[in-house]
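Input: a single structure, listed below in structure tokens.
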Amino acid sequence: MKRFALAGNPNCGKTTLFNSLTGSTAHVGNWPGVTVDKRDGVYKKCAEPVAIIDLPGIYSLSPYTPEEVIARNYILDEKPDCVINIVDATNLERNLYLSTQILEMDVPVVIALNMMDAVEKAGDKIDAKELEKRLGVPVVKISALKEQGLHDLMERAFAESQKERKGTTVLQDTPLAHLIGDVKIALAGQKVANPLFHAIKLVEGDEIEVDMHKETLEMVSEFKETFSDEIFGNDFEALVADGRYKYISKHFAPVLERRSKEKFQMSRSDKADRVLTNRWAGIPIFLVILFAIFHLTFSEDFLYLGAIFGLPDLETLGLLTAEGAPLNYGVRWLACIYDGALFSPGVIINNIWNDMLVGELFGWIQGLVESSGMAGWAVGLINNGIIEGLAAVLSFLPPILVLFLFFSILEDSGYMARIAFILDRMFRRFGLSGRAFMPMIMGFGCSVPAMINTRTLADEKERTATVRVIPFFSCGAKLPILTAVAGAILMAFNSGNGSADLITYAMYILGIVVAILSVLLMRGTTLKGETPPFIMELPAYHAPQFKNLMLHLWDKTKHFVKKAFTIILASTIVIWFLTHFSFAWKFLEDEQINESILAGLAQLLQPLFTPVGFGSQLGEYGWVFVVAVVAGLIAKENVIATFATLGACLMAFGGLDFSSIGGLDAIMGDDTGITAVWAMIMATNITIPGLISFIAFNMLTIPCFAAVGTAKSELGDKKRFNFTLLFWVAASYITACAVYTIGSWWWTLFIWLAVVAAVVTVIVFYNKGKIKLNLRNKGAK
């Protein structure tokens with residue numbers, strides 16, 4: 001099978017093209033030996049199937065980042081049958097810089113002029129035939145977003161792949177042309193493949209080439225001793241770059257004919273950026289957009305219409321039975337959309353999924369199991385351990401996907417790149433570049449892909465700091481904890497008045513604040529280092545492609561379902577086992593959970609959680625919150641699912657009465673988990689500060705097993721990984737302690753401020769060398 005490589009600058013539309021060409025055949029893996037995504041798929045519309053490899057987005061083939069090394073080595077060593085170089089036609093000159101480097105390799109090349117729809121919309125023209133003549137390789141106009149010209153592109157690439165091509169350079173008129181020629185001859189004599197490319201890189205002083213061709217380096221060194229440019233001296237790398245840009249400006253730029261003769265024009269994106277990237281308005285606008293996303297995803301009072309107009313609920317309208325159930329199937333559908341207020345789109349989707357689909361399916365399966373005649377323990381394992389666990393996990397899928405959809409829209413539209421640019425100003429004060437923002441914001445969807453995305457960070461210390469704070473940007477799996485506890489707080493302490501999405505939003509902001517403070521602490525002490533430069537292309541704003549959004553969601557769904565049926569399924573079985581067996585290996589009924597292994601471990605650990613508000617002060621049943629925390633270490637989805645199980649068990653054990661909140665049916669039938677948390681509140685008399693502390697601890701502590709495994713893989717070093725685990729525990733414990741004490745006794749705020757001031761003072765004096773602390777994390781050196 002022929003192999004075509006896609007190469008281009010970041011934000012040139014390369015991934016959009018890849019998705020359009022490969023569709024559902026796409027596969028995401030890792031490049032061997034490094035932690036950078038490898039995307040490949042198959043295009044099936046040529047004379048024969050063609051493997052498509054999506055190389056990382058790069059600005060040049062110099063070895064400054066892992067992405068550049070991967071792209072360069074793949075073309076040189078793997079020898080693809082053709083390289084399709086995607087060029088952003090709206091930024092022609094800058095994108096052709098990479099093209100001039102690719103053309104120096106002995107590989108068939110086709111130039112794809114992408115975003116031609118934007119060029120034509122602006123009234124500009126590009127003479128593709130003239131550009132093809134000047135470049136010496138085929139040039140095809142396309143629009144990856146609108147899927148225009150893709151068949152022609154692949155046909156031209158397929159035809160070129162059957163030909164041989166020798167590399168050419170645009171540096172023939174530079175002062176270094178003679179030296180490049182001599183080095184090329186020398187390398188060709190040594191049977192080096194792609195001698196022209198290697199010769200130019202050796203002349204530049206490329207560190208990889210210097211190590212590979214030390215015997216030829218002397219030729220370059222001798223020439224350098226006798227050469228000096230008026231501007232660049234003997235900086236050959238700068239001379240080569242200058243030569244490329246001069247050639248591009250002189251020979252390639254004229255093929256672009258602009259409608260306006262003005263050199264600089266204000267596009268619509270530029271005008272929008274004057275507001276969206278404004279120094280003062282940029283971040284507030286982003287926070288408003290972030291709140292809008294959470295409101296659309298989680299609010300049970302869309303646009304606060306219910307609160308504003310005092311809309312009646314279903315009971316008032318007489319649409320419920322005496323037991324509180326919908327009168328008919330139609331009312332049941334209505335209850336997914338409205339009950340005293342219009343639900344947000346995210347809540348509507350979640351209700352339909354849980355009440356009408358997942359609930360019905362798993363209820364039917366559980367009925368079959370109960371009537372199968374199996375032993376009681378087997379029925380309990382399947383129904384309560386496996387099916388209830390999976391149902392609880394799958395019930396979280398809609399809000400995760402809705403949230404991920406909104407973030408995908410922001411990313412595909414080009415707005416997310418602006419946020420990275422805005423936050424780069426602030427991040428630099430904490431020792432991070434704006435590039436670190438991208439994996440952090442992905443943490444709102446899932447920590448696993450977010451941690452993998454830190455591979456784009458060139459600096460190891462910056463990457464380590466980013467991996468450590470990603471779990472603080474609460475992922476989708478933590479959403480049920482936030483929404484269920486927030487909802488229970490309102491129901492148990494405020495008679496249902498209030499807004500759960502405001503509490504959820506505040507806790508997300510808390511996570512962001514803790515992340516920033518943690519980065520400041522690490523970059524000022526154990527991970528101190530220079531902040532790497534941040535260069536990012538700001539693409540023009542455009543409407544996201546529906547196909548791309550659906551592919552993103554499909555990838556997310558596959559990952560989540562795979563996780564549900566592997567790690568989480570195994571964890572639910574483990575939790576069931578620990579709650580149904582005693583230390584004497586005796587099988588226990590549900591009402592005997594107080595004698596279980598998990599309860600015993602939780603009771604042992606309970607005093608440790610006293611400073612954070614859900615420890616010994618909660619009395620006999622306070623261990624239930626510790627059990628939930630332990631279950632959450634396996635998978636955060638387990639926390640609320642565990643509360644449901646424990647609520648049902650506590651109702652039978654000790655004679656606890658939950659009839660005021662609907663009893664067993666309400667606890668087990670409420671997919672939101674609010675009733676289960678409410679039952680825990682009644683059983684333990686936990687306070688509001690204790691509940692908020694519980695949320696904070698689960699948000700910030702060690703993430704799920706999948707994320708922990710990913711962190712171990714990304715960090716590499718064992719000591720650094722172990723320190724990261726300790727960091728997560730310490731950060732969550734200290735933050736939860738602060739939340740609880742300040743919430744319970746407001747005057748302790750001044751004590752915490754004094755502690756923070758002391759820590760900042762120590763860091764300042766430490767950085768000035770006035771005090772010495774043994775804080776160096778050896779694994780991060």
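The values are calculated or read from the model by the stated rules, or taken from the named source; none is laboratory data. Note that this is a predicted model, so its numbers are computed, not measured. Virtual Cβ from ideal backbone geometry, glycine too; neighbours counted across all protein chains shown. Accessible surface is based on the protein model in full, side chains and every heavy atom, while ligands, DNA and RNA are left aside. Shrake-Rupley method; radii C 1.70, N 1.55, O 1.52, S 1.80 Å.
Using the structure shown, decide if ARG428 is of a type in the set (D, E, K, R), surrounded by fewer than 22 Cβ atoms within 10 Å (Cβ to Cβ), in contact with a Ser or Thr (Cβ under 8 Å, 6 or more places away or on another chain) and within 18 Å of GLU67 (Cβ to Cβ).
no
Could you tell me which residue of the range 379-422 is farthest from LEU361 (Cα to Cα), considering only residues that are polar (S, T, N, Q) and open to solvent by less than 30 Å² (accessible area, probe 1.4 Å)? Full working, then the answer.
Going through the range 379-422, the residues polar (S, T, N, Q) turn out to be 383-384, 395, 408, 413.
Applying the additional criterion that residues be open to solvent by less than 30 Å² (accessible area, probe 1.4 Å) yields 383, 395, 408, 413.
Values: ASN383: 13, SER395: 12, SER408: 30, SER413: 37 Å.
It comes out as SER413.
Taking interchain pairs and intrachain pairs at least six residues apart, which have beta carbon atoms under 7 angstrom, with the first residue in the range 150-164 and in contact (Cβ under 8 Å) with a residue 12 or more places away in the chain and under 10 Å from ILE84 (Cα atoms) and the second surrounded by fewer than 20 Cβ atoms within 10 Å (Cβ to Cβ) and among the hydrophobic types (A, V, I, L, M, F, W, C)?
MET154/CYS46
Does the range 100-127 hold any residues that are out of contact with any helix residue (DSSP H, G or I) (no Cβ under 8 Å at 6 or more places or on another chain) and either in a helix (DSSP H, G or I) or closer than 17 Å to PHE4 by Cα (or both), and which are they? First the steps, then the outcome.
Step one: of the range 100-127, the residues out of contact with any helix residue (DSSP H, G or I) (no Cβ under 8 Å at 6 or more places or on another chain) are 117, 120-121, 123-124.
Hits for the range 100-127 are ASP117, GLU120, LYS121.
Do any helices (runs of 4 or more DSSP H) entirely within the range 277-344 hold 2 or more residues that are surrounded by fewer than 14 Cβ atoms within 10 Å (Cβ to Cβ) and modelled with pLDDT of 85 or more, and if so, which?
Ranges flagged: 282-298, 305-309.
Residues of the range 16-45 being crowded, with 19+ Cβ neighbours inside 10 Å, at pLDDT below 90 and out of contact with any helix residue (DSSP H, G or I) (no Cβ under 8 Å at 6 or more places or on another chain), which ones?
Answer for the range 16-45, where residues must be crowded, with 19+ Cβ neighbours inside 10 Å, at pLDDT below 90 and out of contact with any helix residue (DSSP H, G or I) (no Cβ under 8 Å at 6 or more places or on another chain): just THR22.
Which of the residues spanning the range 658-680 are modelled with pLDDT of 75 or more, open to solvent by less than 10 Å² (accessible area, probe 1.4 Å) and either of a type in the set (Ser, Thr, Tyr) or part of a helix (DSSP H, G or I) (or both)?
ALA676, VAL677, ALA679, MET680
Among GLY359, GLY363, which is the only one that is at pLDDT below 80, more than 27 Å from PHE473 (Cα to Cα) and open to solvent by 20 Å² or more (accessible area, probe 1.4 Å)?
None of the other options fit; the residue is GLY359.
Restricting to the range 165-194, what's the tally of residues that are of a type in the set (A, V, I, L, M), in contact (Cβ under 8 Å) with a residue 12 or more places away in the chain and farther than 25 Å from LYS125 by Cβ?
Result for the range 165-194: 9.
Would you please name the residue that is surrounded by the most Cβ atoms within 10 Å (Cβ to Cβ), looking only at residues in the range 130-144 that are hydrophobic (A, V, I, L, M, F, W, C) and within 20 Å of THR100 (Cβ to Cβ)?
Within the range 130-144, the first condition is being hydrophobic (A, V, I, L, M, F, W, C), and the residues that meet it are 131, 135, 137, 139-140, 142, 144.
After this cut, where a residue has to be within 20 Å of THR100 (Cβ to Cβ) as well, the list is 131, 135, 137, 139-140.
Numbers: LEU131: 22, LEU135: 21, VAL137: 20, VAL139: 24, VAL140: 21.
Residue satisfying both the conditions and the ranking: VAL139.
Taking ARG463 as the residue in question, decide whether it is open to solvent by 10 Å² or more (accessible area, probe 1.4 Å) and at pLDDT below 80. Show your work before the answer.
On the way: open to solvent by 10 Å² or more (accessible area, probe 1.4 Å): yes; at pLDDT below 80: no.
For ARG463, the condition - open to solvent by 10 Å² or more (accessible area, probe 1.4 Å) and at pLDDT below 80 - is not met.
Among what's in the range 55-79 and is open to solvent by less than 10 Å² (accessible area, probe 1.4 Å) and within 22 Å of the chain's Cα centre (by Cα), pick the residue that is modelled with the lowest pLDDT.
Looking at residues that are open to solvent by less than 10 Å² (accessible area, probe 1.4 Å) and within 22 Å of the chain's Cα centre (by Cα), I get ILE58.
Please state which of the following conditions GLY123 fails to meet, knowing it meets all the rest: (1) more than 24 Å from LYS547 (Cα to Cα); (2) touching a Lys or Arg at 6+ places or on another chain (Cβ under 6 Å); (3) at pLDDT 90 or above.
Of (1) more than 24 Å from LYS547 (Cα to Cα); (2) touching a Lys or Arg at 6+ places or on another chain (Cβ under 6 Å); (3) at pLDDT 90 or above, only one is false for GLY123: (3).
One line per residue, one yes/no per condition, for (1) in contact with a Ser or Thr (Cβ under 6 Å, 6 or more places away or on another chain); (2) open to solvent by 60 Å² or more (accessible area, probe 1.4 Å); (3) at pLDDT 85 or above; (4) closer than 30 Å to SER413 by Cα:
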| position | (1), (2), (3), (4) |
| --- | --- |
| LYS562 | no, yes, no, yes |
| PHE577 | no, yes, no, no |
| ILE593 | yes, no, no, no |
| GLY600 | no, no, yes, no |
| PRO607 | yes, yes, yes, no |
| PHE614 | no, no, yes, no |
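Please determine whether any residue of the range 310-328 is without any contact (Cβ under 8 Å) to a residue 60 or more places away in the chain, small (Gly, Ala, Ser) and under 30 Å from GLY632 (Cβ atoms).
Scanning the range 310-328 turns up no residue that is without any contact (Cβ under 8 Å) to a residue 60 or more places away in the chain, small (Gly, Ala, Ser) and under 30 Å from GLY632 (Cβ atoms).
For SER249, indicate whether it is in contact (Cβ under 8 Å) with a residue 24 or more places away in the chain, touching a His at 6+ places or on another chain (Cβ under 9 Å) and in a helix (DSSP H, G or I).
No.
Out of curiosity, is ILE142 at pLDDT 90 or above and more than 40 Å from the chain's Cα centre (by Cα)?
It is false that ILE142 is at pLDDT 90 or above and more than 40 Å from the chain's Cα centre (by Cα).
Against the definition (among the aromatic types (Phe, Trp, Tyr) and either at pLDDT below 85 or crowded, with 21+ Cβ neighbours inside 10 Å (or both)), how does PHE653 come out, yes or no?
yes
Under 7 Å between Cβ atoms, which residue pairs at least 6 apart in sequence (or on different chains) link something in the range 208-229 that is of a type in the set (A, V, I, L, M) with a partner that is modelled with pLDDT under 80?
ILE208/PRO63
Residue check: is ASN95 in contact (Cβ under 8 Å) with a residue 40 or more places away in the chain, surrounded by fewer than 18 Cβ atoms within 10 Å (Cβ to Cβ) and not charged (D, E, K, R)? Give the steps one after another, and end with the answer.
Values: in contact (Cβ under 8 Å) with a residue 40 or more places away in the chain: yes; surrounded by fewer than 18 Cβ atoms within 10 Å (Cβ to Cβ): no; not charged (D, E, K, R): yes.
Against the criterion (in contact (Cβ under 8 Å) with a residue 40 or more places away in the chain, surrounded by fewer than 18 Cβ atoms within 10 Å (Cβ to Cβ) and not charged (D, E, K, R)), ASN95 does not qualify.
Within the range 441-449, is there a residue that is more than 30 Å from VAL69 (Cβ to Cβ), buried (at least 23 other Cβ atoms within 10 Å of the Cβ), touching a helix residue (DSSP H, G or I) at 6+ places or on another chain (Cβ under 9 Å) and among the aliphatic types (A, V, I, L, M)?
Taking every residue of the range 441-449 in turn, none turns out to be more than 30 Å from VAL69 (Cβ to Cβ), buried (at least 23 other Cβ atoms within 10 Å of the Cβ), touching a helix residue (DSSP H, G or I) at 6+ places or on another chain (Cβ under 9 Å) and among the aliphatic types (A, V, I, L, M).
Hey, can you tell me all the residues within the range 710-725 that are open to solvent by 60 Å² or more (accessible area, probe 1.4 Å) and among the charged types (D, E, K, R)?
LYS712, LYS718, LYS719 - these are the residues of the range 710-725 that are open to solvent by 60 Å² or more (accessible area, probe 1.4 Å) and among the charged types (D, E, K, R).
So, in the range 1-15, of the ones that are open to solvent by 10 Å² or more (accessible area, probe 1.4 Å) and not in a helix (DSSP H, G or I), which residue ends up nearest to LYS141 (Cα to Cα)? So that I can check it myself, show each step before the final result.
Filtering the range 1-15 for residues open to solvent by 10 Å² or more (accessible area, probe 1.4 Å) gives 1-3, 10-11, 13-15.
Those still in the list that are not in a helix (DSSP H, G or I) too: 1-3, 10-11, 13.
Values: MET1: 26, LYS2: 23, ARG3: 21, PRO10: 19, ASN11: 17, GLY13: 13 Å.
So, considering only residues that are open to solvent by 10 Å² or more (accessible area, probe 1.4 Å) and not in a helix (DSSP H, G or I), the one nearest to LYS141 (Cα to Cα) is GLY13.
Return the only residue of ILE686, ILE695 being surrounded by 22 or more Cβ atoms within 10 Å (Cβ to Cβ) and part of a loop (DSSP other than H, G, I, E, B).
ILE686
As an exercise: evaluate TYR97 against (1) assigned to a loop (DSSP other than H, G, I, E, B); (2) of a type in the set (Phe, Trp, Tyr); (3) more than 28 Å from the chain's Cα centre (by Cα) and give the number of the one condition it does not meet.
Looking at each condition in turn, TYR97 falls short on (1).
For (1) part of a helix (DSSP H, G or I); (2) over 28 Å from THR277 (Cβ atoms); (3) not hydroxyl-bearing (Ser, Thr, Tyr), each residue gets a yes or a no:
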position: GLY373; (1), (2), (3): no, yes, yes
position: ILE386; (1), (2), (3): yes, yes, yes
position: LEU390; (1), (2), (3): yes, yes, yes
position: MET416; (1), (2), (3): yes, no, yes
position: PHE421; (1), (2), (3): yes, no, yes
position: MET426; (1), (2), (3): yes, no, yes
position: PHE437; (1), (2), (3): yes, no, yes
position: ILE441; (1), (2), (3): yes, no, yes
position: ASN453; (1), (2), (3): yes, no, yes
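Considering PRO138, PRO56, which residue is more than 21 Å from ASP412 (Cα to Cα) and not charged (D, E, K, R)?
Among PRO138, PRO56, only PRO138 is more than 21 Å from ASP412 (Cα to Cα) and not charged (D, E, K, R).
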